[in-house]
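Have a look at the structure below, then the notes.
Every number here is computed from the coordinates shown, using simple stated rules; none is lab data. These figures come from a predicted structure and were not determined experimentally. Glycine also receives a Cβ, built like all others from the backbone with ideal geometry; neighbour counts cover every protein chain displayed.
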Amino acid sequence: MVELVVTMALRPLVAMLRDKASNYLLDQYNVMEGMEKQHMILKRRLPIILDVITDAEEQATANREGAKAWLQELKKVAYEANEVFDEFKYEALRRKARKNGHYKKLGFDVIKLFPTHNRVMFRHRMGSKLSRILEDINVLIAEMHDFGLRQTLLVSNQSGDRQIMSSSTRKKLPADPDMQIRIILLTYYLVRLAMQISQWFPLLEWGALARPH
């Protein structure tokens, strides 16, 4: 049951990463400066991963240990990569706020959550993280071929759902740029909390099995 919950949550997690990697703010505010090549390669790799998740889930359901291990590793890499692209996004928001003259209006508690303001240090630190993520993705793709995972054409309304959600979110956000940034930050930490809770499922299952009957 826990494995089913994990795999059901995996596709949206990887899709979320794909959307974050394609966020227009990253290019608009040059936060990927010096990392453009790795960024483009990663954006090409993620749809390949998404195409085989369904087959990997089917193999895992049939107790194929290789597919199970692949999905577990993909989940770990996807969590880490989402956190990395959250950092890119918040640096872009910081630069946007500064450019629009709203930066000084933000409270200290919000400012201290942003990545370092030194662009050289930011590029070096984030470049290392992005390179590690790309290496992990490349290993997953190599193993994908080793395990014989097949691409699956899904007929779904994923794209439409995403557009509806995006449109709805835009309507609900207030016009005040400062408040928008605070709402986005709060949403980020709520998502992080949800990710951590999902990692507790195996512990809860183990506790239920260990309980005397």
**OP:** Determine the gain in length on full extension of the stretch ILE41-LYS99; use 0.36 nm per residue of separation and subtract their C-alpha separation, reporting nm with one decimal.
**Re:** 18.0 nm
Subject >> Neighbour-count order for ARG119, ARG44, fewest beta carbons within 10 angstrom listed first >> reply: ARG44, ARG119
**OP:** Subtract the Cα-Cα distance of ASP19 and HIS145 from 0.36 nm times their separation in residues, and report this length gain in nm to one decimal.
**Re:** 42.9 nm
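Given the pairs LYS20/LYS75; LYS68/LYS89; LYS76/LYS99, which span a C-alpha to C-alpha distance of over 24 angstrom in this model?
Numbers: LYS20/LYS75 16 Å; LYS68/LYS89 31 Å; LYS76/LYS99 35 Å.
Over 24 Å apart, Cα to Cα: LYS68/LYS89; LYS76/LYS99.
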